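The values are calculated or read from the model by the stated rules, or taken from the named source; none is laboratory data. Since the model is a prediction, treat every value here as computed from it, not as a measurement. With ideal geometry, Cβ positions are generated from the backbone for all residues, glycine too; neighbour counts draw on all protein chains shown.
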Amino acid sequence: MKKWTGWRNCLAMCLAVTMLLTPFLQTEVYAAETANVQGTVASGTTAELLMLSTKDGKMEIKIDSSTDVSEARILLPETKLSVAISHGSDGYWHATKITYNGAAVGITIDTSKTSTITGTISDKTNGDVLYVDTAQGEMQIKYDQTTNINGCSVLVANRKYNITCARGSDAYMHAISIADASNTQNNSSSSMGGTYVNGTVSGKTTSDVLFLDTKDGTMEFKVDGNADTTNGKWKTTGTKLTVWFYRGGDAYLHANRVAEGTTTGGNNSNTTGTVTNTFTGTVSGKTTESVLFLDTKDGTMEFKIDSNANTINGLVTVAGNRMTVGGYNGNDGYWHASTLTGERGSSSASVNTSATITVTGTVSGKSTEKVLFLDTNGGTMELKLDALRSVNNCKVFVVGKKLTVTCGSGNDEYWHALDITA
């Protein structure tokens, strides 16, 4: 009897536990389909993960390419939001749509006098005031739902932005527009202009990489949390798109904005070789004969050196040499060097071109735009480049490059390079 009684007690207990758990199991199934939550943005929010403080605690909600942020892209601390969420197979909540949960306050702003600053939005940002760390110090700039942030997908702390602002009737500076500083530094791209290309979505497109068939071939773009894709069905094969893009620090092309249809005018990808921008810096040690890496104040830039590049005044691409590059953005998404200009200067020396010698050797790492140091079998020769007449079979001189040089003696007691052949 004792055994029978124990078994019945155990069965009753199991049934009771099952009944207690049933409501929670039903709630989980319901939440996995769809739910709406309200709260404020908490610190730690990034372009890929929303930290939302709700009345029931803090939630972690993923933001991905399918999230609709068209009505709320300011994700700064204390911003009030309403978020439609669904449960993903990865165990995370995913935002399907984000909207503001609160009205903006109207302030009169004098837009006739604007200024643009560059800085990083700090974690101190709260409510409707941006705390921006700039080179000149910390600034406090107000923002609201009328601020134009088309130059960035979402606005988060600990990221650098270009902010155009003006003085308001409340004595504060107010943000008129905000754009990702990283985009404008890379390729001057923005959703309101910049470099773009027209094409058709290829069938090779994946969940995070857009393959675009253009008139010049297929281009590949990463589509991450920084991209504004609200106006373009970029995953649908055959859709005609315009893609504004920039080159990221990972050397990939990144989509800045995607829109359906074809765009004309503005800064379409250039294939003519016409200089659109000029950059000055020092040659990086990563430079090769076909690609120039230029260390500038904004970072390292990469330029293709094509057969049509004019390099006669900027031949010596040895690490550390100062160089000015006239460049343009090609349809392949790369910057291309149209002109190279080094610090060569001029000379008043008279060079005897009637009695010449020819030497063969390799370019030394000591070479500059003024003097070519050539390592030969007989030792290192110093050849001035101020009387150079021609260069054949190469565009630039890199360390170790084998050259044959015809040179003449000058009245300054130097040999001067006249003709160089690779």
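What do you reckon, is T67 free of Cβ contacts under 8 Å to residues at least 24 places away in the same chain and among the hydroxyl-bearing types (S, T, Y)?
Against the criterion (free of Cβ contacts under 8 Å to residues at least 24 places away in the same chain and among the hydroxyl-bearing types (S, T, Y)), T67 does not qualify.
Given the conditions (1) buried (at least 17 other Cβ atoms within 10 Å of the Cβ); (2) of a type in the set (D, E); (3) modelled with pLDDT of 75 or more, report the number of the one that D228 does not fulfil.
Failing condition for D228: (3).
Find all pairs meeting these conditions: Cβ atoms under 6 angstrom apart; at least six residues apart or on different chains; first residue within the range 368-391 and within 22 Å of N411 (Cβ to Cβ); second residue of a type in the set (S, T, N, Q) and assigned to a strand (DSSP E or B).
F373/T380
Go through the range 363-377 and give me each residue that's among the hydroxyl-bearing types (S, T, Y), surrounded by 15 or more Cβ atoms within 10 Å (Cβ to Cβ) and more than 15 Å from E343 (Cα to Cα).
S364 - this is the single residue of the range 363-377 that is among the hydroxyl-bearing types (S, T, Y), surrounded by 15 or more Cβ atoms within 10 Å (Cβ to Cβ) and more than 15 Å from E343 (Cα to Cα).
Taking the criterion of being hydrophobic (A, V, I, L, M, F, W, C), surrounded by fewer than 18 Cβ atoms within 10 Å (Cβ to Cβ) and farther than 15 Å from E289 by Cα, would at least one residue in the range 391-410 satisfy it?
Looking through the range 391-410, none of the residues is hydrophobic (A, V, I, L, M, F, W, C), surrounded by fewer than 18 Cβ atoms within 10 Å (Cβ to Cβ) and farther than 15 Å from E289 by Cα.
Would you say L130 is under 25 Å from the mean Cα position of the chain (by Cα) and part of a loop (DSSP other than H, G, I, E, B)?
no
Residues that are β-branched (V, I, T) and at pLDDT 90 or above: does the range 332-339 have at least one?
Our first condition is that a residue be β-branched (V, I, T); within the range 332-339, this holds for 339.
So of that shortlist, the ones also at pLDDT 90 or above come out as none.
No, that holds for no residue.
Looking only at residues in the range 131-164 that are out of contact with any Phe, Trp or Tyr (no Cβ under 9 Å at 6 or more places or on another chain) and farther than 23 Å from I98 by Cβ, which one is modelled with the lowest pLDDT?
Once the filter is applied, the top-ranked residue is Q136.
Just one of the numbered conditions (1) in contact with a Gly (Cβ under 9 Å, 6 or more places away or on another chain); (2) surrounded by fewer than 21 Cβ atoms within 10 Å (Cβ to Cβ); (3) at negative phi is not true of S338; which one?
Answer for S338: the failing condition is (2).
On the basis of being assigned to a strand (DSSP E or B) and surrounded by fewer than 21 Cβ atoms within 10 Å (Cβ to Cβ), does A319 make the cut?
Judged against the criteria, A319 is not a match.
Just checking: which of the strands (runs of 3 or more DSSP E) contained wholly in the range 231-303 hold 1 or more residues that are at pLDDT 90 or above and crowded, with 17+ Cβ neighbours inside 10 Å?
Strands (runs of 3 or more DSSP E) meeting the threshold: 277-283, 291-296.
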